[in-house]
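The values are calculated or read from the model by the stated rules, or taken from the named source; none is laboratory data. Every value quoted in this text rests on a predicted model; they were computed, and no experiment measured them. FYI the Cβ positions are ideal-geometry reconstructions off the backbone, even for glycines, and counts take in every protein chain you see.
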Amino acid sequence: MYAALLAAYGTRKWWPADTAFEVVLGAYLTQATAWRSVERSIANLRQANMLTVEGIRGIAEETLRELIRPSGFVVRKAASIKTFVRFLDERYNGSLERMASQPTADLRAQLLTLPGVGPETADAILLYGLGHPIFVVDEYLRRVATRHELVAANVRYAELQALGDAAVASDSREETARHANELHALIVEVGKRHCGTAPRCDGCPLQPFLP
């Protein structure tokens, strides 16, 4: 299925960000909103020179809310972003590189203690921001996996993640992370085109794999 998606769509170059910290911000902002809205928030932050740890550290929370307003839920998201920067400062002296050097399981557990961070957000930060070999589970993957009867309809996040991890397992950490990045991006692409709330199977590169 991975090969069929890659042949159909090519490499996706996802996540769209210039820095690791921009990925972190995007992972918070994309919760319960469309990516186009996130892009507007990111553009606001860029124009205000706030796409850095230093910028977010120094900005008033009320001002941050206004800059990220296109993404919605601004009170919760602004507070969560400020809390992440405090966490980064207190544990890793403000360094994402130092944070990224920690073992994946330990770092994931730390992220999940932060407000506004669930499994999908934590894993997006780990994979796309910090280069850790972990598969991101989202609704697109759930739809593809359940409709192709790879998992049960009531599958849990951890089981779907294990399915993704097995699909991208490679000899090196870097290769596994690269494949996890690519396959997740391809799943998002096929989800947008064909596997929405109502499936549109005609022309889908995964149609031959249906049971």
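Just a few scattered comments:
Here is a yes/no grid of residues against (1) hydroxyl-bearing (Ser, Thr, Tyr); (2) in contact with a Gly (Cβ under 6 Å, 6 or more places away or on another chain):
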residue: MET50; (1), (2): no, no
residue: VAL53; (1), (2): no, yes
residue: GLU62; (1), (2): no, no
residue: GLU66; (1), (2): no, no
residue: VAL74; (1), (2): no, no
residue: LYS82; (1), (2): no, no
residue: TYR92; (1), (2): yes, no
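For (1) surrounded by 20 or more Cβ atoms within 10 Å (Cβ to Cβ); (2) outside any helix (DSSP H, G or I); (3) in the same structural domain as LYS82 (by TED's automatic domain parsing); (4) in contact with a Ser or Thr (Cβ under 9 Å, 6 or more places away or on another chain), each residue gets a yes or a no:
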{"position": "GLU97", "(1), (2), (3), (4)": "no, no, yes, no"}
{"position": "ILE125", "(1), (2), (3), (4)": "yes, no, yes, no"}
{"position": "ALA145", "(1), (2), (3), (4)": "yes, no, no, no"}
{"position": "VAL151", "(1), (2), (3), (4)": "no, yes, no, no"}
{"position": "ALA158", "(1), (2), (3), (4)": "no, no, no, no"}
{"position": "GLU174", "(1), (2), (3), (4)": "no, no, no, no"}
{"position": "CYS204", "(1), (2), (3), (4)": "no, yes, no, no"}
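Quick grid of which residues meet (1) more than 17 Å from TRP15 (Cα to Cα); (2) among the hydroxyl-bearing types (Ser, Thr, Tyr); (3) touching a residue at least 40 places away in the same chain (Cβ under 8 Å):
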residue: LEU150; (1), (2), (3): yes, no, no
residue: GLU159; (1), (2), (3): yes, no, no
residue: SER172; (1), (2), (3): yes, yes, no
residue: GLU175; (1), (2), (3): no, no, no
residue: ARG178; (1), (2), (3): no, no, no
residue: HIS184; (1), (2), (3): no, no, yes
residue: HIS194; (1), (2), (3): yes, no, no
residue: ASP202; (1), (2), (3): yes, no, no
residue: GLN207; (1), (2), (3): yes, no, no
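- Hits in the range 1-22 - residues which are touching a Gly at 6+ places or on another chain (Cβ under 8 Å), small (Gly, Ala, Ser) and assigned to a helix (DSSP H, G or I): ALA20
- Filter result (within 13 Å of ILE81 (Cβ to Cβ) and in a loop (DSSP other than H, G, I, E, B)) within the range 23-50: THR30, GLN31, MET50
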